[in-house]
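Trainee: Before anything else, here's the structure in question.
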Amino acid sequence: MTSVFLAGCAVAGAAYAARAIVKAGRAGKPLLSAFRPSKSFYEGSFDHQMNKKEASMILDVKENASRPEVMTRYKKLMVLNHPDQGGSEYIATKINEAKDFMLKAKR
């Protein structure tokens with residue numbers, strides 16, 4: 001009984017993947033573009049001097065975000081990138097710097 005269920009799941013998964021490939025082909029897109037993440041990433045590097053645009057990009061908030069929005073996003077990012085939890089010290093430093101810049105700009 002379990003093997004019949006697993007076989008059905010495999011067939012359904014293959015059908016779903018084939019459907020995505022056919023839809024991508026009809027739209028004239030490259031076949032693997034249907035499986036790429038939808039969010040684009042910034043391909044540049046950090047500036048030497050933090051500015052409002054870069055701080056808002058690091059924290060993923062609007063340039064005129066309120067203090068609670070900045071703090072909420074900061075806390076979420078630090079949970080994901082804290083050096084004590086295996087995150088990068090450099091990234092954590094940039095997140096802290098961006099938070100400080102955004103909060104200083106609000107004064």
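The values are calculated or read from the model by the stated rules, or taken from the named source; none is laboratory data. Just so you know, these numbers come straight off a predicted model, no measurement behind them. Note: ideal-geometry Cβ built from the backbone for every residue, glycine included; neighbour counts use all protein chains shown. Heavy atoms of the whole protein, side chains included, go into the accessibility calculation; ligands, DNA and RNA do not. Shrake-Rupley method; radii C 1.70, N 1.55, O 1.52, S 1.80 Å.
Trainee: Counting only heavy atoms of the protein chains, get the accessible area per residue of the stretch 49-94 (1.4 Å probe) and round it to a whole Å² value. Don't skip to the end; give the middle numbers.
Mentor: Working: 3180 Å² over 46 residues.
Per-residue value: 69 Å².
Trainee: A follow-up question, please. Can you give me the distance in nm between label points at Leu103 and Ser66, each placed 7 Å from the Cα along the Cα-to-Cβ direction?
Mentor: The two pseudo-label positions are separated by 1.7 nm.
Trainee: Let's test the formula: R0 of 41 Å, r as the Cβ-Cβ distance of Leu6 and Ser45. What FRET efficiency results, to the nearest 0.05?
Mentor: 0.30
Trainee: In addition: Is the stretch 61-104 best put as rounded, prolate or oblate by its Cα gyration tensor, with a ≥ b ≥ c the root eigenvalues, rounded for a/c under 1.5, and otherwise prolate when a/b is larger than b/c, oblate when not?
Mentor: Numbers: a/c = 3.03, a/b = 1.89, b/c = 1.60.
Note, shape of the stretch 61-104 comes out prolate.
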